[in-house]
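Take a look at the structure set out below.
The values are calculated or read from the model by the stated rules, or taken from the named source; none is laboratory data. Computed from a predicted model, the values in this text were never measured in an experiment. Cβ placement follows ideal geometry from the backbone for every residue including glycine, while neighbour counts extend to all protein chains displayed. Keep in mind that these areas ignore ligands, DNA and RNA; they rest on the heavy atoms of the full protein, side chains included. Shrake-Rupley method; radii C 1.70, N 1.55, O 1.52, S 1.80 Å.
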Amino acid sequence: MHPDLKTVIELQQVDLRVAELTVLIDSLPAQIQTLQSQLDDFIHTHEERKKRLAANQKERKDQEGEIKVIQEKITRHKDQLYQVKTNEQYRAMLKEIGGEEANIRRIEDQVLEKMIEAEDLQEHVQEAAARLEGEKARVAGEIKRLQGERQTDLDERERLQACRKELEAALDESVRNLYERLRAGRNGIALAVVRDGLCTACNVWLRPQVYNEIRSNDALLTCENCSRIIYCVEPPAEQTEGNGQSAGAPA
Ligand SMILES: [Zn+2]
């Protein structure tokens, strides 16, 4: 194989892996942020429910106090029933007592509603309290794992970048420039594999003469259609699928 061709193939592999690692590395802070926000939301909801439950308990206590005050009023009014002088006063007093009793029923209904709400809140608060420590530990563990993963990726990228420098230095300047120009203009893909005479990057047939020339990979040639540097990959020896068989043995 042409030494420059061998080097650009390696360089391409390194560059693709570097690009892949960069995507992973750049995506990790957002993933960590998402996890953290989920935990924050969980805690916030829990705290809000606890506040609501405390408020509910206070409201119920207030309403029970209110009921007590009205009950005392009713007792007083019932005592006064014996002291009224006219039927008219008696009826007015009864009406008042009736209104007070209706008031109590209304407040009791509200207390009942609040009790149902409190039960529901209590259930959620207890469930969240039981899960909270576990959730914190899970998120902390997950964040630690992601940070570790990110460090591993950073280390690998650094190693590859050093390796890349060596590969670049080994290349002839014109080949290096060609590679970089192609890489910049073709989404990072400067090379194309040729299979059965077809450039697999642009799906255009090579002229037989060009195909012949690159089958042994002894020359550094480019696809006449997409301009990528082309090279041949021999089908695996034991391949029995259509692809390998129809190609005929390249050897
Ligand atoms: Zn092509």
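The residues in region 20-41 that are loosely packed, with under 14 Cβ neighbours inside 10 Å, within 25 Å of Leu160 (Cα to Cα) and more than 13 Å from the chain's Cα centre (by Cα) can be counted, and the count is 4. Can you find even one residue in region 34-49 that is out of contact with any Lys or Arg (no Cβ under 9 Å at 6 or more places or on another chain), in the same structural domain as Ala162 (by TED's automatic domain parsing), more than 30 Å from Ile143 (Cβ to Cβ) and of a type in the set (Asp, Glu)? Within region 34-49 (the criterion being out of contact with any Lys or Arg (no Cβ under 9 Å at 6 or more places or on another chain), in the same structural domain as Ala162 (by TED's automatic domain parsing), more than 30 Å from Ile143 (Cβ to Cβ) and of a type in the set (Asp, Glu)), the answer is no, since none of the residues qualifies.
Take region 132-162 and flag every residue that is open to solvent by 50 Å² or more (accessible area, probe 1.4 Å) and farther than 17 Å from Asp26 by Cβ. Those that are open to solvent by 50 Å² or more (accessible area, probe 1.4 Å) and farther than 17 Å from Asp26 by Cβ: Glu133, Lys136, Ala137, Arg138, Ala140, Glu142, Lys144, Arg145, Arg159, Ala162.
Residues of region 187-209 that are open to solvent by less than 70 Å² (accessible area, probe 1.4 Å) and within 11 Å of the ligand (Cβ to nearest atom): Ile189, Leu191, Ala192, Val193, Val194, Leu198, Cys199, Thr200, Ala201, Cys202, Val204, Leu206.
For every residue, the table says whether it meets (1) part of a helix (DSSP H, G or I); (2) among the basic types (Lys, Arg); (3) surrounded by 13 or more Cβ atoms within 10 Å (Cβ to Cβ).
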| site | (1), (2), (3) |
| --- | --- |
| Ile43 | yes, no, yes |
| Arg52 | yes, yes, yes |
| Glu72 | yes, no, no |
| His77 | yes, no, yes |
| Leu94 | yes, no, yes |
| Asn103 | yes, no, yes |
| Asp109 | yes, no, no |
| Leu112 | yes, no, no |
| Glu119 | yes, no, no |
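Pairs meeting the criteria (first residue in region 84-105 and under 28 Å from Glu64 (Cα atoms), second residue open to solvent by less than 70 Å² (accessible area, probe 1.4 Å) and not in a helix (DSSP H, G or I), beta carbons under 9 Å, at least 6 apart or on different chains) are Ala92/Val84; Met93/Val84. What's the total number of residues in region 54-70 that are in contact with a helix residue (DSSP H, G or I) (Cβ under 7 Å, 6 or more places away or on another chain) and either modelled with pLDDT under 95 or open to solvent by less than 60 Å² (accessible area, probe 1.4 Å) (or both)? Residues in region 54-70 being in contact with a helix residue (DSSP H, G or I) (Cβ under 7 Å, 6 or more places away or on another chain) and either modelled with pLDDT under 95 or open to solvent by less than 60 Å² (accessible area, probe 1.4 Å) (or both): 5 in total.
For region 165-218, residues that are assigned to a helix (DSSP H, G or I) and either within 41 Å of the chain's Cα centre (by Cα) or over 21 Å from Val14 (Cβ atoms) (or both) total 22.
Of all the criteria given as (1) modelled with pLDDT of 95 or more; (2) outside any helix (DSSP H, G or I); (3) not acidic (Asp, Glu), the one not satisfied by Met1 is (1).
Rundown of residues vs (1) modelled with pLDDT under 95; (2) farther than 22 Å from Thr45 by Cα; (3) not assigned by TED's automatic domain parsing to the domain that holds Gln33, yes/no style:
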| position | (1), (2), (3) |
| --- | --- |
| Leu81 | yes, yes, no |
| Lys85 | yes, yes, no |
| Tyr90 | yes, yes, no |
| Arg105 | no, yes, no |
| Ile116 | no, no, no |
| Glu127 | no, no, no |
| Lys144 | no, yes, no |
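Considered as a group, the residues in region 164-186 that are basic (Lys, Arg) and away from the ligand (no atom under 14 Å from the Cβ) include one that is farthest from Val23 (Cα to Cα), and that residue is Arg176.
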